[in-house]
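Each remark here refers to the structure printed beneath this line.
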Amino acid sequence: MVMLPVAMSVAEYLFVLTGIGMLMTGIVQYGRRTSDWGGIVKMFYKRIGMTVSEYKWYRLGIGVLMLGIVIRILNLTLWPM
């Protein structure tokens, strides 16, 4: 019974860290390709030209990060501390 909250906590951190890593991979790929490091801020509120690889890393990162946040909410709902 104690094992499930611990596994959920570990999964939460793994998904959040993996999501941040994937997000950063897409951002760094864009920055290296365009040499426009100031344009990285525009990614979050404006459409910019990204390659397929950059876009895949960016979107996967957001998806995995959101999954980690959902696991966090479930973890806090089912096993409040």
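The values are calculated or read from the model by the stated rules, or taken from the named source; none is laboratory data. Keep in mind it's a predicted model, so treat the numbers as computed, not measured. With ideal geometry, Cβ positions are generated from the backbone for all residues, glycine too; neighbour counts draw on all protein chains shown. The accessibility values were calculated without ligands, DNA or RNA, using every heavy atom of the protein model including side chains. Shrake-Rupley method; radii C 1.70, N 1.55, O 1.52, S 1.80 Å.
Here are a few things to note about the model shown:
- Annotation note: trypsin sites (Lys or Arg not before Pro) in the chain located in DSSP loop regions with a Cβ neighbour count of at most 12 within 10 Å are Lys46, Arg47.
- Computed from backbone phi with θ = phi - 60° and the Karplus coefficients 6.51, -1.76 and 1.60, the 3J(HN,Hα) list for region 3-16 is 5, 5, x, 5, 5, 5, 5, 5, 4, 4, 5, 5, 5, 5 Hz; x is used for glycine and proline.
- Among Ile69, Ile20, Ile40: highest mean-square fluctuation, GNM of the chain, C-alpha pairs under 10 Å: Ile40
- Counting heavy atoms of the protein chains alone, Glu54 has an accessible area of about 0 Å² for a 1.4 Å probe.
- If the convex hull is drawn through the Cα atoms of the chain, its volume per residue in Å³: 93 Å³
- Choice from Met24, Met43, Met66 showing the highest fluctuation, given a GNM over the chain with Cα pairs closer than 10 Å: Met43
- Helix-only [θ]222 nm of the chain, DSSP H runs n ≥ 4, -39500 (n - 2.57) each, per residue, nearest 500: -26500 deg cm²/dmol
- Counting only protein chain heavy atoms and rolling a 1.4 Å probe, the accessible areas of Tyr58, Tyr45 rank, largest first, as Tyr45, Tyr58.
- List Val41, Val28, Val64, ordered by accessible area with a 1.4 Å probe, largest first: Val41, Val28, Val64
- Calculated accessible area for the chain comes out at 72 Å² per residue, all protein chains present (probe 1.4 Å; ligands, DNA, RNA ignored).
- FRET efficiency, 1/(1 + (r/R0)^6) with R0 25 Å, evaluated for Val2 and Phe44 via beta carbons: 0.05
- Segment Ser35-Ile73, extension gain: residue separation times 0.36 nm, minus the distance between their alpha carbons: 9.9 nm
- Accessible-area ranking of Phe15, Phe44, largest first, probe 1.4 Å: Phe44, Phe15
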